[in-house]
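Derivation of every value follows stated rules applied to the coordinates shown; laboratory data play no part. Treat the numbers as computed from the prediction; the structure is a model and nothing was measured. Glycine gets a Cβ as well: all are built from the backbone with ideal geometry, and neighbour counts include every protein chain shown.
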Amino acid sequence: MSAVAAVPDNAETLLSVEHLTMRFGGLVAIDDVSFDAADAEITAIIGPNGAGKTTVFNCLTGFYRPTEGMLTLNAGERQFLLERMEGFRIAHHARVARTFQNIRLFPAMSVLENLIVAQHNVLMRASGFTFAGLFGLRGYRNAEREAVDHARYWLDRVGLTELADINAGGLPYGDQRRLEIARAMCTRPLLLCLDEPAAGLNPRESDSLNELLLLVRAEHKIGILLIEHDMSVVMGISDHIVVLDYGRKISDGTPEFVRNDPAVIRAYLGDEDA
């Protein structure tokens, strides 16, 4: 069956996860999880270590093929069925971008080059898969100029313009985290998946991250799916929170609802009396 179909009536839903199940032999990492993520909103997935959060991301981005379930991304007049697509097609055609728990920049490339290489699909098409680039034809030169301009735009948005020419591996840790988000945004995603972007950040850097993600949501109107343990980030910027525990969904709602849900308090946030 095709991985593209017609859009349903609920077009405001960017991502629909239905009955997602992921088994590794006898281990059930994700057990019948369903939730929706709206366009131009921040949806957080939280839960204890081992709850299955990153496994959800790996299914969404093609690293794993789900054992069961449907993962549907609405993109304008098209609908992508992610569980039927290969990972590189999810990134290129469905325009789903992600970052990882561990930083995966190109450390020996400059900060600017890291953002240009993120646009390789556009540049390869403009080059006629090397011919136009080899001879410096006008179409390729224009595409290259636009890629550099787009990279510099995101350097400005994350406050790294003055560091454009240094190697990415030489950046402080917090700057590397921001550069990863900028690199993902250079792909012009419809859905941005961030796996623990605040990990290792100090409170000032976490506040800066909050401001950046709110800016991305407000100015670029894309959906953001967030895995995070830092509750100041989750509760401060999320529109919607999904809570997992042992691979199952135990809560799903607004930050206020989730904060006061007894099941969440027991499983993750902790009991004040304790």
| query | With each label point set 7 Å from Cα along the Cα-Cβ vector, what nm distance links Leu81 and Tyr246? | reply | 3.3 nm
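Nearest 0.05, what FRET efficiency do Arg141 and Asn167 give at R0 = 30 Å with Cβ-Cβ as r? Show your work: numbers first, answer last.
Numbers: r = 26 Å, r/R0 = 0.87.
Approximately 0.70, to the nearest 0.05.
Taking the number of other C-beta atoms within 10 Å as the exposure measure, put Ser251, Ser110, Ser206 in order starting with the fewest. Each step should come with its number before you reach the end.
Working: Ser251 22, Ser110 16, Ser206 19.
Least crowded to most crowded, the residues run Ser110, Ser206, Ser251.
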| query | Among Asp165, Asp207, what is the fewest-to-most ranking by other Cβ atoms within 10 Å? | reply | Asp165, Asp207
| Selection from Val216, Gly76, Gly253, by position along the positive dipole direction of the chain (Cβ) | Gly76
| note | In whole percents, the bins of 5 Å from zero upward hold the Cα-Cα pairs of the chain as 1, 6, 12, 15, 17, 17, 13, 9, 5, 2, 1, 0, 0, 0, 0
| query | Between Ile116, Ile166, Ile90, which gets the highest mean-square fluctuation from a Gaussian network model of the chain, Cα cutoff 10 Å? | reply | Ile166
| request: Determine the sum of side-chain charges near Tyr173: Lys and Arg each +1, Asp and Glu each -1, restricted to other residues whose C-beta is under 14 angstrom from that of Tyr173. | output: 0
| Residue separation times 0.36 nm, minus the C-alpha to C-alpha distance between Ile265 and Asn102: what's the value? | 55.9 nm
| When N counts the residues of the stretch 150-274, how does its alpha-carbon radius of gyration compare numerically with 2.2 N^0.38 Å, as a ratio? | 1.18
| said: How would Leu105, Leu14 line up from fewest to most surrounding beta-carbon atoms within 10 angstrom? | reply: Leu105, Leu14
| DSSP bridge orientation in the chain - percent antiparallel, rounded to nearest 5 | 60 percent
| query | Could you give the length gained on full extension between Glu68 and Tyr153, defined as 0.36 nm per residue of separation minus the Cα-Cα distance, in nm? | reply | 26.6 nm
| Name the residues of the stretch 146-160 whose amide N is less than 13 Å from a point 7 angstrom out from the Cα of Arg204 along the C-beta direction? | none
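Compute the projected area of the convex hull of the Cα atoms of the stretch 147-188, averaged over all viewing directions, and report it in nm² to one decimal place. Let's see the in-between values first.
Values: hull surface 10.9 nm².
Computed as one quarter of the Cα hull surface, the answer is 2.7 nm².
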| remark: Stretched fully, the stretch from Ala38 through Glu219 gains (0.36 nm per residue minus C-alpha distance, one decimal, in nm) 63.6 nm
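Excluding Leu71 itself, calculate the net charge of residues whose Cβ lies under 10 Å from the Cβ of Leu71, where each Lys or Arg counts +1 and each Asp or Glu counts -1.
Details: positive: Arg84; negative: Glu18, Glu83.
Neighbourhood net charge equals -1.
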